[in-house]
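Peer 1: Attaching a single structure in structure tokens format; questions to follow.
The values are calculated or read from the model by the stated rules, or taken from the named source; none is laboratory data. Since we're looking at a predicted model, the values are computed, not measured. As a convention, Cβ positions derive from the backbone with ideal geometry for all residues, glycine included, and neighbour counts pool all protein chains shown.
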Amino acid sequence: MAVEISAKTGISFEDIKFWNMGYSLIGGVDEVGRGPLAGPVVAACVILPKGMLIEGIVDSSFAIRDSKRLSPAKREKLYDIIMSKAIAVGIGRVEPEEIDRINILNAARKAMEQAIASCHPNPDCLLIDALELKNCTIPQFPLIKGDVRSQAIAAASIIAKVTRDREMIKWAHIYPQYGFENHKGYGTKQHIESIKKFGLSPIHRKTFCTKFIR
């Protein structure tokens, strides 16, 4: 459920600060998938209506929930709410082959830049989880632990996470021996043992897996 901010007290997260500074199209930006051994890095940029709170992202004490602690079912539900309520959502992605070529940090930045570029209307400012984007001309404000300080960043994190998880589940049908539906490409014991047994699939990041293959 989405609700409008009224005369509530105790609401102090970053979005309100920037709304009060005069920005109305705040783009929250986050990425997921920096750490996995397989699959893309995916980023999202989300603009929520000014003054709107998304129940489930913001808890009863008006604090931002840590989206990484939400269950997959809860993230899926919030994904649908965000997509229906957002002014704009942009998604960017960089594939494993390019991650190997340009490194994961540059890939994460590129995915974020793609997400911002595909967000229409364009944001008038950006709240970004930790990273600074050198090639972006929109005013940007990197926030350490931004996904628990900004509703827009938390929303972007959910969109990116659900998008990537859905893709990894699809890959699991093509490469069932790796168990992608369970670990989404992260370096679990099961995944590493599968790499040692079957070698690398086309969606593995070779530079991430060198110590697991002969």
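Peer 1: Filter segment 131-156 down to the residues that are of a type in the set (D, E, K, R) and touching a helix residue (DSSP H, G or I) at 6+ places or on another chain (Cβ under 7 Å), then identify the one that is surrounded by the fewest Cβ atoms within 10 Å (Cβ to Cβ).
Peer 2: Step one: of segment 131-156, the residues of a type in the set (D, E, K, R) are 132, 134, 145, 147, 149.
Checking which are touching a helix residue (DSSP H, G or I) at 6+ places or on another chain (Cβ under 7 Å) leaves us with 147, 149.
Working: 147: 24, 149: 19.
Ranking the qualifying residues of segment 131-156, first place goes to 149.
Peer 1: Pick from segment 84-112 the residues that are crowded, with 18+ Cβ neighbours inside 10 Å and farther than 20 Å from residue 165 by Cα: which of them is nearest to the chain's Cα centre (by Cα)?
Peer 2: Only one residue fits best here, namely 86.
Peer 1: Shifting gears a bit: Among the residues that make up segment 114-125, is at least one of them buried (at least 19 other Cβ atoms within 10 Å of the Cβ), farther than 18 Å from residue 89 by Cβ and in contact (Cβ under 8 Å) with a residue 24 or more places away in the chain?
Peer 2: Within segment 114-125, not a single residue is buried (at least 19 other Cβ atoms within 10 Å of the Cβ), farther than 18 Å from residue 89 by Cβ and in contact (Cβ under 8 Å) with a residue 24 or more places away in the chain.
Peer 1: Can you tell me which residues in segment 80-104 are assigned to a helix (DSSP H, G or I) and either of a type in the set (A, V, I, L, M) or closer than 20 Å to residue 120 by Cα (or both)?
Peer 2: Of everything in segment 80-104, those that are assigned to a helix (DSSP H, G or I) and either of a type in the set (A, V, I, L, M) or closer than 20 Å to residue 120 by Cα (or both) turn out to be 80, 81, 82, 83, 84, 85, 99, 102, 104.
Peer 1: Taking only pairs six or more apart or across chains, which ones have beta-carbon atoms under 8 Å, a first residue in segment 174-189 that is more than 18 Å from residue 206 (Cβ to Cβ) and in contact (Cβ under 8 Å) with a residue 24 or more places away in the chain, and a second residue that is assigned to a loop (DSSP other than H, G, I, E, B) and among the hydrophobic types (A, V, I, L, M, F, W, C)?
Peer 2: Between residues of segment 174-189 that are more than 18 Å from residue 206 (Cβ to Cβ) and in contact (Cβ under 8 Å) with a residue 24 or more places away in the chain and residues that are assigned to a loop (DSSP other than H, G, I, E, B) and among the hydrophobic types (A, V, I, L, M, F, W, C), there is no close pair.
Peer 1: Shifting gears a bit: From the list 196, 161, 170, 211, which one is within 20 Å of the chain's Cα centre (by Cα), more than 28 Å from residue 146 (Cα to Cα) and charged (D, E, K, R)?
Peer 2: Exactly one of 196, 161, 170, 211 is within 20 Å of the chain's Cα centre (by Cα), more than 28 Å from residue 146 (Cα to Cα) and charged (D, E, K, R), namely 170.
Peer 1: For segment 184-191, does any single residue satisfy the condition of being closer than 22 Å to residue 30 by Cβ, part of a helix (DSSP H, G or I) and at pLDDT 95 or above?
Peer 2: There is no residue in segment 184-191 that is closer than 22 Å to residue 30 by Cβ, part of a helix (DSSP H, G or I) and at pLDDT 95 or above.
Peer 1: Can you find, within segment 48-64, the residue that is surrounded by the most Cβ atoms within 10 Å (Cβ to Cβ) among those that are of a type in the set (D, E, K, R) and modelled with pLDDT of 85 or more?
Peer 2: Among them, the one singled out is 50.
Peer 1: Residues that are closer than 18 Å to residue 148 by Cβ, outside any loop (DSSP other than H, G, I, E, B) and among the hydroxyl-bearing types (Ser, Thr, Tyr): does segment 59-72 have at least one?
Peer 2: yes
Peer 1: Residues 159, 169, 128: which one is in a helix (DSSP H, G or I) and crowded, with 24+ Cβ neighbours inside 10 Å?
Peer 2: On inspection, the qualifying residue turns out to be 159.
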